[in-house]
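Since the structure comes first, as structure tokens, the remarks are kept for the end.
Values quoted throughout were computed directly from the atomic coordinates according to the rules given, and no laboratory measurement underlies them. Because the structure is predicted, anything quoted here is derived from the model rather than measured. No Cβ is skipped: glycine too gets one built from the backbone with ideal geometry, and neighbour counts run over all protein chains shown.
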Amino acid sequence: MDLERRNFLRGRISNKHAALLLPWTRDDIDFYQACTQCGDCINACQENIIRVGEEGFPQIDFTKGGCVFCGECARVCTHSVFKDDLGSKPWQQVISLGTECLTYLGVACQSCRDSCDSNAIKFEYLIGWTPRPAVKNEDCSGCGMCVQVCPANALNIVSDQTIKQEVYAHGT
């Protein structure tokens, strides 16, 4: 089934590439062609963060929690959707901080940093300002643990390519 055509006929832009795919999905295949929507990965997820997406494909929902990279989703799949090497980097996604962050309103909050096991979120202390988060993308695993705990919903997990494109577009 051609999802982009379906979205076009429904009068909306395809969100196919916006959905967060599962960790260790293979780069050399089209996930949407290889996945049979059997649901085995959803049932195997011990964190319950894999859900059925809008088009019936499994996708990550970090509002439910974060990924502990247990690999169960990949182990139960029998459809060549996942890489064989679960020791490799699970995906190419990182955290993106939005302007909704409470620290921009002068509220002291560091819940994202406290939930970050990889220490990718640090806080910058500036005289006269509430400490503000700074994300070190090269340390971010993309686990999403910080997304659920953010009281302002200011955090999103995005492709690291998206971050690189935004940096390039803004010239910073």
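Segment 49-72 and segment 78-124 have Cα centres spaced 15 Å apart. When each of 124, 72 is scored by the number of other beta-carbon atoms lying within 10 Å, the sequence from fewest to most is 124, 72.
Among residues other than residue 123 with Cβ under 10 Å from its Cβ, the summed charge is +2 (Lys and Arg +1, Asp and Glu -1). The relative contact order of segment 93-170, computed from alpha carbon pairs under 8 Å that lie at least 6 residues apart in sequence, is 41 percent.
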